[in-house]
Amino acid sequence: MLACRGEGRACIKLRIEGGKPGADFAIEALTPEGQSVPAQLLPLGEDSGFGLYLIRVPLFELSYLDLHISSLDARGKPEETSSLRLSFSLLKWISRFNYRTQREACKHIRDYRQPSGSTRLKIGGLRFLEGENCSVWRFFVEWEGKDDASLEIECLDSKGSPFGAKIIPFEEQALPAAAIVGGRYRRIVYSAKIGKEHEAFCIRAADLSGNYEPDFFHIDRGDFERHRHRSWQHMKDARADDANYRRWFALQRADEAKLREQREHEFAYAPLLSIVVPCFESCHKFLSEMLDSVLEQSYANWELLLLDASPESGILKNLVKGIKDERIRYFDLGGNEGIVGNTNRGIRNARGDFIAFLDHDDLLEPDALFEYVKAINAQPLVSLLFCDEDMFEKKGIYCQPVFKTRLNQDLLYSHNCVTHFLTVRASLLFEIGLCDGEVAGAQDFDLTLRALEAKAETCHIPRVLYHWREHAASTSGDNAQSKPYAQEAGRLALERHFERRGIAARVLPTDHIYVYRVHYQLPLPHPQLSIIIPNKDHIELLEACISSIIGNSSYDNYRIVVVENNSEKPETFAYYEQLQRERPCVSVLTWEGDFNYAKIINFGVRQTTSPYLLLLNNDTKVITGDFIEEMLGYLQRLEVGVVGAKLFFRDGLVQHAGMLIGPHGAVAHVNQDFATNREGYLARAVRPGNFSSLTGACQMLRRSTFEEVGGYNEDLAVGFNDVDFCLKLWKAGYRVVFSPYAHLYHYEFATRGRESADPEKLKRWEGERELFWQTWPQYLEEGDPFSNPNLDRDNSYYALPQL
């Protein structure tokens with residue numbers, strides 16, 4: 001007998017007398033309380049007239065299990081029974097010894113997989129995900145053969161007792177298997193939502209029809225932590241691993257040789273940069289470090305304006321006396337005029353072509369000004385610049401990087417995502433006017449919003465050039481106590497921005513400091529919306545979709561248009577008749593061509609006249625009743641081209657929260673499988689924002705905009721047509737907006753199936769991917785403009801490359 005532990009199981013290899021291949025045996029495992037628990041008895045072959053078998057049982061938190069092995073007669077009835085008591089504490093030591101002395105033999109029985117043709121269910125693909133107040137475990141149960149299985153999933157706690165868990169059939173797949181004559185592999189993906197109190201458990205899959213033998217997997221507390229860590233590693237973003245960031249930053253920042261090269265560089269245009277620094281009750285150490293970071297700049301044509309609002313302390317004045325550099329200009333303000341007044345004094349005294357804003361306790365990288373001037377030379381019409389940044393408490397120990405994107409207008413409407421190192425062309429600044437005291441604490445936010453109104457050309461410099469100091473008096477880290485007035489100032493700045501633009505909107509605070517929610521006012525009476533839903537059979541999904549709209553939606557002016565495409569089941573057409581008879585707001589149109597999603601959408605749009613359109617998959621289901629109002633609100637801004645919703649899988653984890661172009665040479669959903677309220681990198685999973693593209697499963701837009709860009713590209717029959725459509729909108733000057741407040745379920749692949757499971761579909765997908773890249777090669781070459789080139793391009797969670 002050989003015994004070991006592994007993969008959450010106890011594994012025992014033993015010989016059974018008379019147990020030759022073909023002999024029938026059964027096993028039963030009982031807890032000390034007599035509770036029956038999962039156990040497997042697998043034939044391994046024959047050895048010296050004895051049958052070799054493998055016993056597997058879960059590693060429960062018990063003192064022992066009693067194992068009863070019975071030989072079966074021709075009718076499957078037990079004849080003789082042998083018993084074995086398995087002591088888990090003894091097994092622990094035996095396993096350690098055996099791994100040292102018979103490592104390969106232990107690995108063989110631990111990892112043993114039955115050969116093809118087995119009549120046993122197989123559990124695999126186990127994956128841990130963090131849910132809301134629970135753990136979510138995705139796994140599949142598969143079998144091979146001609147017969148169907150009627151699966152039952154049971155959860156047992158650490159002692160082997162059943163407990164309630166939410167088991168969700170997630171997706172069914174049929175996989176062709178050439179080795180099975182007339183048969184196939186069948187696979188059902190499940191999601192098990194398990195309470196936080198269970199960090200050790202067992203899940204058993206059984207076939208109630210009796211065609212297939214059961215299988216199980218067991219998670220002990222060590223396994224739980226390993227799976228949790230693996231999930232964290234997979235889904236972590238650039239701010240989740242400060243040690244990795246510091247290694248990355250050390251490799252990326254300009255070294256002394258690079259700085260010498262920059263000091264010798266001559267730009268075609270070398271503007272004077274005025275750096276405005278308001279100072280009030282400043283710390284000597286912080287001021288000194290800030291001044292050093294400016295004096296170390298590799299670009300020399302700058303002036304530093306130090307506005308002393310607390311001259312009585314003498315700290316700033318005495319510090320400046322010791323620095324002999326005419327580029328440093330000291331101003332005694334005589335007293336504190338507030339952050340806006342102090343800043344405006346600096347702006348009025350600035351002589352530069354561009355005015356930059358630096359806090360008195362923060363730091364610049366030595367190449368910051370050089371990189372800004374380099375960008376100005378590359379983009380001569382630019383009027384507003386900003387860069388990536390990070391945080392620190394102690395100089396040189398940097399953390400929490402903020403890798404920004406090009407100006408993200410809708411994320412900006414949620415919070416100031418531009419922040420540092422804001423630099424503005426002086427002529428633009430005086431054109432739009434200086435800030436007033438009502439926006440004190442959010443003056444940089446107000447300035448950015450007014451520059452946006454003036455259609456200023458912006459530039460994001462994807463380098464970490466600014467270090468934001470964390471301390472008690474700073475707003476870094478969402479410190480509400482440091483500047484309590486700043487929250488209301490930001491809200492007021494945003495509200496006044498919409499007023500100036502003539503957009504009817506309310507700006508409300510949220511549970512997060514310095515974060516706002518915009519409610520757009522819809523015209524009255526509400527404009528009509530046509531909801532276009534392609535469909536082929538699967539009436540249970542269609543009925544759930546339509547019923548959720550009619551039953552849950554609070555909007556009062558919509559029509560639902562089902563576009564029928566080659567359904568085959570008579571009950572589908574009977575349902576259509578019933579649907580139109582009982583639901584006056586629903587009509588059914590027929591598209592008679594082959595399946596081409598783009599053509600079906602274009603056809604459906606042509607058959608309607610509503611000014612607004614919602615393109616919706618039949619495998620969606622409404623969660624939030626005001627989803628139409630939420631999405632339609634953004635379209636009251638003329639620059640918005642299309643709006644997408646936040647979609648969820650059956651188990652409540654995120655399916656869609658925006659899309660990213662480029663990962664692995666394709667398109668990926670960002671922040672997929674997040675729990676509902678998980679924020680993700682820079683909170684992009686829970687705040688409105690612009691993305692390069694949104695899934696076609698749920699897109700709302702104006703008819704006029706759809707027609708302007710020519711609708712969907714019909715050469716992209718199934719894949720990439722939604723992404724292509726969004727990029728056409730960007731090219732035409734429109735915004736693509738994700739709303740985190742409109743929620744629907746999306747039962748992805750329920751009707752069409754996965755390309756990877758069908759060679760013909762996979763070939764078609766690859767052809768469409770090639771056509772997509774031919775149309776939009778710049779995204780393949782340059783990456784997604786709403787990501788950041790410093791991030792791992794193949795990662796959909798905004799992570800840095802792992803060093």
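Derivation of every value follows stated rules applied to the coordinates shown; laboratory data play no part. Fair warning: this is a prediction, and the values are worked out from it, not measured in the lab. Cβ sites come from the backbone with ideal geometry, for glycine too, and all protein chains shown count toward neighbours.
Counting 0.36 nm for each residue step from Asn336 to Arg351 and taking away their Cα separation leaves a gain of 3.1 nm. Pairs of lysine residues in the range 529-782 that meet both criteria, 8 or more places apart or on different chains and Cα atoms under 19 Å apart, total 7. The 3J(HN,Hα) values that the Karplus relation (6.51, -1.76, 1.60; θ = phi - 60°) gives for the range 255-269 are, in residue order, 8, 5, 5, 5, 5, 4, 4, 5, 5, 8, 6, 10, 7, 4, 10 Hz. Gly and Pro appear as x. When only alpha carbons are used to place a centre, the range 423-437 and the range 485-542 end up 29 Å from one another. Contact order, relative form, for the range 416-537: 22 percent (alpha carbon pairs under 8 Å, 6 or more residues apart, mean separation divided by residue count). Considering only trypsin sites (Lys or Arg not before Pro) in DSSP loops that have at most 11 other Cβ atoms within 10 Å, the longest stretch of the chain without any of them is 456-803.
Expressed in nm to one decimal, what extension gain is obtained for the pair Asn677 and Ser313 from 0.36 nm per residue of sequence separation less their Cα-Cα distance? Don't skip to the end; give the middle numbers.
On the way: separation 364, 0.36 × 364 = 131.04 nm, distance 4.66 nm.
Net length gain for the segment: 126.4 nm.
Once you keep just the Cα pairs under 8 angstrom separated by 6 or more residues, what percentage relative contact order results for the chain?
Relative contact order of the chain: 9 percent.
What nm distance separates the two modelled labels at Glu714 and Glu326, each placed 7 Å from Cα along Cα→Cβ? Calculated label separation equals 7.2 nm.
Modelled spin labels at Arg100 and Asn557, positioned 7 Å past Cα toward Cβ, are 8.0 nm from each other. Phi angles across the range 490-502 convert, under the Karplus curve 6.51 cos²θ - 1.76 cosθ + 1.60 with θ = phi - 60°, into 3J(HN,Hα) values of x, 4, 5, 4, 5, 5, 5, 4, 5, 4, 5, 7, x Hz, Gly and Pro given as x.
The Cα atoms of the range 328-416 cover 40, 37, 31 Å along the three principal axes, with the biggest extent listed first. Size estimate for the chain follows the Kirkwood approach: the inverse of mean 1/r over distinct Cα pairs works out to 30.7 Å. Considering only Cys106, Ala657, Asn342, and ranking their Cα positions along the charge dipole of the chain that arises from unit charges at the beta-carbon of Lys, Arg, Asp and Glu, the one farthest toward the positive end is Cys106. When you restrict to C-alpha pairs under 8 Å that are six or more residues apart and normalise by the size of the range 378-476, the relative contact order lands at 48 percent.
Computed extension gain for Arg764 through Ser547, at 0.36 nm per residue and net of the alpha carbon distance, reaches 74.8 nm.
For the range 216-263 versus the range 683-743, the inter-centroid distance based on Cα atoms is 32 Å. Each label point was placed 7 Å from the Cα along the Cα-to-Cβ direction; for Glu17 and Asn211 their separation is 4.0 nm.
From the Cα gyration tensor of the range 2-110, with a ≥ b ≥ c the square roots of its eigenvalues, which class applies: rounded if a/c is under 1.5, or else prolate if a/b is larger than b/c, or else oblate? Oblate, since a/c reaches 1.5 and b/c is not below a/b. Look at where the Cα atoms of the range 576-640 and of the range 101-123 average out, and the two centres are 51 Å apart.
For the range 776-782, 3J(HN,Hα) computed residue by residue from phi via the Karplus equation (6.51, -1.76, 1.60; θ = phi - 60°) reads 10, x, 5, 6, 6, 7, 9 Hz, glycine and proline entered as x.
Assuming R0 = 60 Å, what is the FRET efficiency of Leu434 and Asp111, from their Cβ-Cβ distance, to the nearest 0.05? The calculated FRET efficiency here is 0.30.
Classify the range 615-758 as rounded, prolate or oblate from the Cα gyration tensor: take a ≥ b ≥ c as the square roots of its eigenvalues, call it rounded if a/c is under 1.5, otherwise prolate when a/b beats b/c and oblate if not. Provide the component values of the computation, followed by the final result.
Details: a/c = 1.41, a/b = 1.10, b/c = 1.28.
Judged from the Cα gyration tensor, the range 615-758 comes out rounded (a/c under 1.5).
Taking every Cα-Cα distance in the range 273-426 and sorting them into 10 Å bins starting at zero, the pair-distance distribution P(r) comes out as 10, 39, 37, 13, 1 percent.
Calculated FRET efficiency, Glu281 and Lys374, Cβ-Cβ r, R0 30 Å, to nearest 0.05? Please report the intermediate quantities before stating the final value.
Working: r = 36 Å, r/R0 = 1.18.
The calculated FRET efficiency here is 0.25.
With a cut-off of at most 12 other beta carbons within 10 Å, and DSSP calling the residue loop, which GluC sites (Glu not before Pro) in the range 230-295 qualify? Please list them. Could you put the intermediate results ahead of the total?
Working: sites: Glu256, Glu261, Glu264, Glu266, Glu281, Glu289; in loops: Glu266, Glu281.
Passing sites in the range 230-295 are Glu266, Glu281.
Per-residue Cβ neighbour counts within 10 Å put Glu142, Glu79, Glu104 in the sequence Glu104, Glu79, Glu142, beginning with the fewest. Taking the helices alone, the chain has a mean residue ellipticity at 222 nm of -8500 deg cm²/dmol, built from -39,500 (n - 2.57) per DSSP H run of at least 4 residues and averaged over all its residues.
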